[in-house]
Amino acid sequence: TETLINTLSQYQDLRVISRRSAFALKGKGLDAESVGKELKVEAVLYGRVVQREDELTISTELVDTRDSRQMWGARYSRPAAEIQSIENEITHTIADKLQVELTMEDAELTSSQNTWNPDAYRLYLKGREFTTGTMREMDKAIDFFEDAIALEPEYALAYAGLAQAYITQSYLRGYGRDQSMEGARTAAQKAMELDPGLAEAYTARGLVRLYFDLDWEGARADLTRGVELAPGDVETLMAYGDFLAFEGRYEESLAVHQRALERDPLSISTAHDLGFINMARKNYEQSEYYFKMALDMSPNWAWGHIKLAKTYSHMGRCQEALAETELAEAILTGSETPSARCWLAFTYARCGEEERAR
């Protein structure tokens, strides 16, 4: 599923929903029409994979969400070692059925063969699941990426994922950041050496240059190239959008993040970034809207309550702001959260809670 999403996202004229938002609907028993309305898509790809020893059976169908009509269906029974050839067949067939034109650049991207083994790939996916979380989850993500690399030492994508996890860890951590920074730098460089055409490698190195080196020109070049290589990848779009926001190019940043939200409508990360950028623009009504959207998807997300509290404090709605800080404090109990405490201190000070602010 992850490979199909990543590959189809590289088609310039195709909007593909990200793994996070697609998986949020798995197991809910929704029909194609309901999925179409929830994710604002015109087609849904359903699939089932069964593995018996070294044999794979894959059943798949493409369904029109407007009338639940099957547009295409197929069944594959092949050795597990041929999984990549099956993925390529499915990808090109879907593009044909959706009448998406394949450009020369798309052809180069979708025809590339990855050589890592399935076990390493599963570990990589596990790492990706944890990369958007807390400090504790970031430690888990790093373990999974390192286990994937141990199985496949030249696995560029795993090195790019490892760099991203270290980058996130570095700004969640209140101390000992040098180790995280060096880990991110080393992993990003290794990913670039192994696969100079990998979008995730450019994104990882671009973020290292942005956050650690303050190398604006280098970051711009890398993050722009990442979007060129993977225009539909959500993490790549968000990294570039963050860079634009840091430059003060808020309108351009919002446009890029809206593209990410279209592909990942059920993700707290995309909603968070849109709320954060609107906060920087002092458009607090929009900021409130997006932080509430994130909290609707994840009610126990501490950062959502923290940033919504700050938004309310800017709007002079201190009763609501302090109610949000109480929710955040309850979630943060017993954890090391220096950056979160700084944000809470701002809200307390602005709302006249001097002792709590100090």
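The values are calculated or read from the model by the stated rules, or taken from the named source; none is laboratory data. The structure displayed is predicted, hence computed values, not measured ones. Note that we place each Cβ from the backbone using ideal geometry, even for glycine, and neighbour counts take in every protein chain shown. Calculation scope for accessible area: heavy atoms of the full protein, side chains included, ligands and nucleic acids excluded. Shrake-Rupley method; radii C 1.70, N 1.55, O 1.52, S 1.80 Å.
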So which of ARG259, ARG220 is more than 25 Å from VAL16 (Cβ to Cβ) and surrounded by 16 or more Cβ atoms within 10 Å (Cβ to Cβ)?
ARG220
Looking at this structure, is GLY218 out of contact with any strand residue (DSSP E or B) (no Cβ under 7 Å at 6 or more places or on another chain) and either in contact (Cβ under 8 Å) with a residue 40 or more places away in the chain or under 14 Å from ASP242 (Cα atoms) (or both)?
no
Give me a count of the residues in segment 320-337 that are open to solvent by less than 60 Å² (accessible area, probe 1.4 Å) and not in a loop (DSSP other than H, G, I, E, B).
8
Considering ASP147, ASP178, which residue is open to solvent by 10 Å² or more (accessible area, probe 1.4 Å), without any contact (Cβ under 8 Å) to a residue 40 or more places away in the chain, under 24 Å from SER335 (Cβ atoms) and part of a helix (DSSP H, G or I)?
ASP178
For segment 280-317, the count of residues that are open to solvent by 40 Å² or more (accessible area, probe 1.4 Å) and either at negative phi or within 27 Å of the chain's Cα centre (by Cα) (or both) equals 18
Name the pairs: first residue in segment 183-196 and farther than 14 Å from LEU207 by Cβ, second residue buried (at least 17 other Cβ atoms within 10 Å of the Cβ), Cβ to Cβ under 7 Å, at least 6 apart or on different chains?
LYS190/TYR159; LEU194/ALA156; LEU194/TYR159; ASP195/ALA156; ASP195/ALA201
Out of all the residues in segment 73-99, which are under 24 Å from ASP13 (Cβ atoms), of a type in the set (A, V, I, L, M, F, W, C), open to solvent by 20 Å² or more (accessible area, probe 1.4 Å) and under 29 Å from the mean Cα position of the chain (by Cα)?
LEU98
